[in-house]
Each structure stands twice: as C-alpha cells, then as structure tokens.
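Note sheet for the following structure.
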Amino acid sequence: MTYISHHNLESDLNESNSILITGIKRGDSNYCINLPSDDDIYISIIDRENIRVLHKLNNRDVNLRNQDAIDHLLTSILPGKKFILDITFLPINVWGVLLRRLIILHISHCVMYKSSESYENMDAGETIEEFHMSDEIEGIYPLPGFYRLNRPKLGQTKIFIPILGFQGSRVQYILDKEIEADYLIHPLLGVPGIRSDYGRISLFQNRQMINQKGVYKNIAYYSAWSPFEAITEMKKIIEGRSGLYIKIAPLGNKPSSLAAILFAMHCEKLKGHMVNIIFDHPKIPSDFEKRTGKIYIYDTHEYWYQK
C-alpha cells in the first residue's frame, strides 16, 4: 500500500474537513497581525522550547515540553477534523513533538512537505568540494520526546544511523561530539534525489566517514522522498537484535527527518531498544526557502495504524 501522494498546488488537496498546521516563514512576521479567517493554525518560533500558536479563536504560547499544553492544543481546536501538519517551515523540534502527540492521541492527520525549486537549481560550483546548503549550525540540543539521558549499559551494542545529506561537515561534527569509537555505523542514503547526481555528491561530501573501516559496506539506499522506505531499511539494521542503543542523525531532507521520528517511535513500541535522535539544527539561508516544487503528502496516520 502506498502512503505518499503528490500535488502541484495546495488547492489540489481538497481537504474541506481539515485544519492546516503550518509555520510562518522567516520574513513573514507581518503575517501574524492579519491572520486569515480560516480554521488553520499558524506557528511562530519564540525560542528552542517555546512557540506562539496563532488561530482565529485563540492565540497562545506553548512550551514544547508541556505535554498537557500540546494535547490541549490538538484536541480543543475544532475537534473531529483532520490535521494536515505542514513541516516545510517548521523546525524538527516543533513538528516532531506535534506529530508524536497526533499519533499517540489517535488524531486523524497527514504530513505535508513542499519541496523547493532551490533543490533543483543548487550550484555545486566548479567542484563538488564547494557544495553546501546551510550557512551555519546552531549545535546539538535535545529534541523533546526523542532524547534519552540514559547512558549505554556495559556491553550494550551501540549503533549510529546517519541519514546522509550533502554536507560532510555536519556528520563529522556529530561524530566528534556524540559518537564514540565503538559504535557500529550504518549510513542511509536517499537516491535518486531530484537530480541524478545528488547521490554521488552526498557520497563524496561524506567520504571521511564512509572511508572508515567497514562503513562503506553498511550503506543502505532508499528513495529520497519516501520516509517509509527509509524506515524499512532501518528496521533491517535492527532485525534479529535486541537491547540496542541507537543514535539517528537525520541530515538529509525533511522526509528523512520524518523517517527518523517514526522509526524512533517504532522502537519505543518494541520496548528493548534505546533510541536518541541527534540533530545539529542547521540555519538554511532564507532565499533557499522559496517553495515552488511538488507537494508531498505522507499519510502517517494510515501508515502507523495499518502497518
């Protein structure tokens, strides 16, 4: 069964009985003043742990670690409608929390991601050594609900799953900060991407890690726009193993982060593996966020309860 659909325009969705949850794009601060008179929910970022929720019925500030406040938000605004969670302009520490609670509360929903024409037009320069996407990174800090303070037990098998993007410096940063020498490394690479050469660029950019002993043979491949294929590959990594200590670093596109969130929740159900999602929070240039590409709809509700 497929859980992905594609659209060229948001108007193609025809979701009359739905509520959109979406982020306010950088540079759209004036949008907060004149909200449209629809039922949709708009989110602006206050800081790492707090968001401002804007809705025609009620504006409120919400702490991302306050589970009761998140649950009240999702159940009090027009209950019974389906949520479309647009992750395009929301950071993972925000939409990851919302998705987790939507699933746990059995609320009907799907995830939307609008791809960027910038992905198709990125210039790698004269050599692929010059290829980069983000200006800087904010650094590693815990994602609410997806980071465990427990340390690995003595003798526990430790696995690091980096979902590769274009910037090798990001995975190297996480290796230096978070991954000890005794971790087994199992990279995932999404191919094909929008352009046929993106897989080659990613391999080259991440060559320092890939060239470590035994890592290259562990690379698994999945379709770059399918988080569900990525989850399947991660399940293969843990198959037949118990009591693993796992760190996942989603360094590719937003669908790869969606895969990490869903896989971490899957491991929670197994009650044996300890999973942390490691994220370095890159700052993407504002001019990169012009979205005119395809719209991907991921039926995460159907996937979760029918799998």
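Here, each number is a calculation from the coordinates, and none is a lab measurement. Here the structure is a predicted model, which is why all the values come from computation and not from measurement. Cβ: placed from backbone, ideal geometry, glycine included. Neighbour counts: every protein chain shown.
What is the distance, in nm, between label points placed 7 Å from the Cα along the Cα-to-Cβ direction at Asp38 and at Arg207?
For the pair Asp38/Arg207, the computed spacing is 4.7 nm.
Please list, in order along the stretch 89-103, the HN-Hα scalar couplings obtained from phi with the Karplus expression 6.51 cos²θ - 1.76 cosθ + 1.60 (θ = phi - 60°), rounded to whole Hz, x for Gly and Pro.
Coupling constants for the stretch 89-103: 10, 9, x, 4, 5, 8, 5, x, 5, 4, 5, 4, 6, 4, 5 Hz.
Output ³J(HN,Hα) for the stretch 206-218: one whole-Hz value per residue in order, computed from phi by the Karplus curve 6.51 cos²θ - 1.76 cosθ + 1.60 with θ = phi - 60°, and x for Gly and Pro.
For the stretch 206-218, the Karplus-derived couplings read 9, 5, 4, 6, 4, 6, 5, 4, x, 6, 4, 6, 8 Hz, x marking Gly and Pro.
Mind listing which GluC sites (Glu not before Pro) in the stretch 177-231 are in a DSSP loop and have 14 or fewer other Cβ atoms within 10 Å?
In loop regions of the stretch 177-231 (DSSP not H, G, I, E or B), the sparsely surrounded GluC sites (Glu not before Pro) are Glu180.
Using θ = phi - 60° and the Karplus curve 6.51 cos²θ - 1.76 cosθ + 1.60, what whole-Hz ³J(HN,Hα) does each residue of the stretch 145-151 get, with Gly and Pro shown as x?
Each residue's phi maps through the Karplus curve to give x, 10, 9, 9, 7, 4, 7 Hz.
Efficiency by 1/(1 + (r/R0)^6): what FRET value for Leu57 and Glu302, r their Cβ-Cβ distance, R0 = 22 Å, to the nearest 0.05?
Efficiency, rounded to the nearest 0.05: 0.20.
State the antiparallel share, in %, of DSSP beta bridges confined to the stretch 130-285, rounding to the nearest 5.
Close to 10 percent.
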